[in-house]
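These notes concern the structure reproduced below.
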Amino acid sequence: MTSQGQAAWELLLPAAGAPARRRGRALQEALREAVRAGRLAAGTRLPSTRALAADLGVSRGLVTEAYEQLTAEGYLRSDRGAGTWVSGAARAAVRGARDLAAGAPGVRVDFRPGTPDLSLFPRSAWAAVQRSVLARLPHPALGYPDPRGLPALREALAAMLARRRGVVADPERLVVCSGVAQASTLLGFVLHARGLRQVGIEDPGSPEHGRLFASTGLETVWLPLDEEGLRPEPLAGSGVRAVVVTPSHQFPSGISWSAARRAALLDWARTVDGYVLEDDYDGDFRYDRAPVGALQGLDPERVVYAGSVSKSLAPGMRLGWMLVPEALLGEVVERKRTMDLGNPVLDQAVLAEFVTRGGYDRQLRRCQRAYRERRDALLAALAEHLPGTRVSGIAAGLHVIARVPSRFGPPERFLARAAEAGVALRPLEEYGTARPEDGDVRLVIGYAHLTPSAVTTGIRLAAEALGRE
């Protein structure tokens, strides 16, 4: 027996022992995998069908069929009178799959904002609703949905948003999407198609807005804030006709826009025939004050309102919504249709039932209790371990702004020592163009995803690290 024949025999022997009814398919799969993995290299000559059949103890017809099938697929080539060879067309498959989700290797306590406590996801309640929905969902409902979303979900969300956030919520103008990220890109594409080339974002604000709009061809313009909200003069002089704002609980500063600034923004939008995207990223989390109603309720024809379940349930669900002005609705819906043909029907149906049955309200109450406790733990830890720290934005949301006195600085040293101790912190300067002039360390501290004990431990570790030389 040739060395090639011996190698082929060893590779294919397990397939020859498969049950008779699937032995042919097993032989083909084993031979195909050997070529893909490079165990049978390109240019290798295979034994004749007669010889290999004898070595494996199978019929010659089985081997002949396997050779013919893999020759047709391009894995093998057959030269008349010269035998069968491994083709050079096949390439070894890449093994394994990398996880590109953001991680934090080596971090003991991660204070970077943006993530809720995923352990609070209501698994049992969600599973019960899912079973109920799946049992009675009619077969036609599993086809391609209305690109705006299932009517049942749009009605449930519209009622909830009108009740909880004070929006003008017409279910016919509500579009279900994959979170605020997709809402931003949908709007960006529509505005670009209308001739706009710039969009304004808050300074400080989320850099993610800039990246999302850049993917649609829109350049971002930073617009400065003060303690009341977006400053009118820079906005008027910017030349933009679209802005992204977080007026109810500004990210990351934590301020709530004043009524005067809300009115001024809407006056600007009407004057320039522009639009406002209101990102209500944490509108349901209020601790020490009554919720501030959404800006959209003041002018639903100029404000695109966007929200999601990323903070209330889990970001991995990729479910959100946008309320769209009538003038933009058709273009947004068409863009949504061509982008993905709509969100998964089953997920939409489950969320609709979850909201309608009151499960969503119960989940929000549960999260509020947990997050208020963690916020209080953070305030106590800062007062104990970093005395003199001034904290703002504490009445709502999932993060605070902490201004640590300059005696704990400079900022570069503070952040470096904290990182050496395994504590991940994010400076406010990463969210805009302004830079501190007083030497204080300004931090955006997320706490929702951490237990009270982890919050206390993280602040203590950072403080202790500052005393090391």
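Keeping all protein chains in the complex and leaving out DNA, RNA and ligands, what accessible area do you get for Arg154 with a 1.4 Å probe, in Å² to the nearest 10?
Counting only protein heavy atoms, the figure is 10 Å².
For the ranges 173-185, 135-147, what's the packing order if you count other beta-carbon atoms within 10 Å of each residue, average per peptide, and put the highest first?
Working: 173-185: 23.3, 135-147: 11.1.
The densest-packed peptide leads the list: 173-185, 135-147.
Where Lys and Arg each count +1 and Asp and Glu each count -1, what net charge lies around Pro105 among other residues with Cβ under 15 Å from its Cβ?
On the way: positive: Arg98, Arg108, Arg112; negative: Asp99, Asp110, Glu420.
With Lys, Arg at +1 and Asp, Glu at -1, the neighbours total 0.
Per 0.36 nm of contour for each residue apart, how much would the distance between Ala82 and Tyr144 grow if the chain were fully extended, relative to their Cα-Cα spacing?
Working: separation 62, 0.36 × 62 = 22.32 nm, distance 5.29 nm.
So the chain would gain 17.0 nm between Ala82 and Tyr144.
More than 13 angstrom separation, counting every C-alpha pair in the range 399-458; what % is that? Can you show the working numbers first?
Values: 1130 of 1770 pairs.
Considering the range 399-458, 64 percent of its Cα-Cα pairs are separated by more than 13 Å.
Using a 1.4 Å probe, how large is the accessible area of Lys311, given in Å² and rounded to the nearest 10?
40
How big is the chain along each principal axis, measuring the range of its Cα positions in Å and listing the largest first?
Cα spread of the chain along its principal axes, largest to smallest: 89, 62, 46 Å.
If R0 is 60 Å, what FRET efficiency do you get for Glu29 and Ala416 from their C-beta distance, rounded to 0.05? Before the final figure, lay out the partial values.
Working: r = 54 Å, r/R0 = 0.90.
Working from the Cβ atoms, E equals 0.65.
Quick one: with all protein chains in place, what share of the accessible area of the chain is carbon or sulfur, to the nearest percent (1.4 Å probe)?
Working: 11110 of 21440 Å².
Taking all protein chains in place, the chain shows 52 percent carbon and sulfur surface.
Angle between the Cα long axis of helix 123-136 and the longest principal axis of the chain, 0 to 90 degrees, nearest 10?
So the helix axis and the longest Cα principal axis differ by about 60 degrees.
For Leu76, what residues show an amide H to amide H distance below 5 Å, using hydrogens built from the backbone and excluding near sequence neighbours?
Amide H neighbours of Leu76: Thr71, Ser87.
Can you tell me the orientation of helix 359-385 relative to the chain, as the angle in degrees between its alpha-carbon axis and the longest Cα principal axis, to the nearest 10?
Once rounded, the angle reads 70 degrees.
What is the extension gain from Leu100 to Ala127, computed as 0.36 nm multiplied by their sequence separation minus the C-alpha to C-alpha distance, in nm to one decimal?
Values: separation 27, 0.36 × 27 = 9.72 nm, distance 2.76 nm.
Length gained between Leu100 and Ala127: 7.0 nm.
I'd like to know how the range 72-182 sits against the 2.2 N^0.38 Å rule of thumb: what's its Cα Rg over that expected value?
Values: Rg = 25.6 Å, N = 111, 2.2 N^0.38 = 13.2 Å.
Taking the Cα Rg and dividing by 2.2 N^0.38 Å, one obtains 1.95.
Can you tell me which of 113-121, 237-245 comes out highest on packing, and rank the rest after it, using the mean Cβ neighbours within 10 Å? Mind showing how you got there, number by number?
Numbers: 113-121: 16.8, 237-245: 19.7.
In descending order of packing, they fall as 237-245, 113-121.
Run the numbers for Leu134 and Ser119: contour at 0.36 nm per residue of separation, minus the present Cα-Cα distance, in nm. Walk me through the numbers before you get to the answer.
Details: separation 15, 0.36 × 15 = 5.40 nm, distance 2.44 nm.
Value of the extension gain: 3.0 nm.
Relative to 2.2 N^0.38 Å, what does the C-alpha radius of gyration of the range 115-270 come to as a ratio? Two decimals please.
Working: Rg = 19.0 Å, N = 156, 2.2 N^0.38 = 15.0 Å.
Compactness ratio reported: 1.27.
For the range 230-286, what are Rg and Dmax over the alpha carbons, in angstrom?
11.6, 35
Hey, what's the chain come to in accessible area per residue, 1.4 Å probe, Å²?
Per-residue value: 46 Å².
Quickly work out the Ser406-to-Glu219 label distance, labels modelled 7 Å from Cα along the C-beta direction, and quote it in nm with one decimal.
Each label point lies 7 Å from its Cα, and together they span 3.6 nm.
Taking H as built 1.01 Å from N, whose amide H comes closer than 5 Å to the amide H of Leu46, not counting residues under 5 places away?
The list, which skips near neighbours in sequence, is Thr84, Trp85, Val86.
Taking the 0 to 90 degree range and rounding to the nearest ten, how far is the long axis of helix 326-340 tilted relative to the main principal axis of the chain, both from C-alpha atoms?
30
Can you say what percent of the DSSP beta bridges in the range 191-327, counting only those with both residues inside, are antiparallel? Round to 5. Each step should come with its number before you reach the end.
Values: 6 of 22 bridges.
Given both bridge residues lie in the range 191-327, the antiparallel proportion sits at roughly 25 percent.
Could you sort Met317, Met339, Met160 by accessible area so the largest value comes first, with the probe set to 1.4 Å? Each step should come with its number before you reach the end.
On the way: Met317 40, Met339 75, Met160 5 Å².
The residues order as Met339, Met317, Met160, largest area first.
Between Glu228 and Arg39, how many nm apart are label points set 7 Å from Cα along the C-beta direction?
7.5
Note down the accessible area of Glu33, probe 1.4 Å, to the nearest 10 Å².
Its heavy atoms expose roughly 60 Å² to the probe.
Of all beta bridges DSSP finds with both residues in the chain, what is the antiparallel percent, to the nearest 5? Walk me through the intermediate numbers first.
On the way: 28 of 46 bridges.
Bridges in the chain are about 60 percent antiparallel.
Projected area of the range 260-308, taken from the Cα convex hull and averaged over every viewing direction, in nm²? Let's see the in-between values first.
On the way: hull surface 14.8 nm².
Seen from a random direction, the Cα hull of the range 260-308 projects 3.7 nm² on average.
The values are calculated or read from the model by the stated rules, or taken from the named source; none is laboratory data. No experiment lies behind these values; they were computed from the predicted model shown. With ideal geometry, Cβ positions are generated from the backbone for all residues, glycine too; neighbour counts draw on all protein chains shown. Surface accessibility is based on the protein's heavy atoms, side chains included, excluding ligands, DNA and RNA. Shrake-Rupley method; radii C 1.70, N 1.55, O 1.52, S 1.80 Å.
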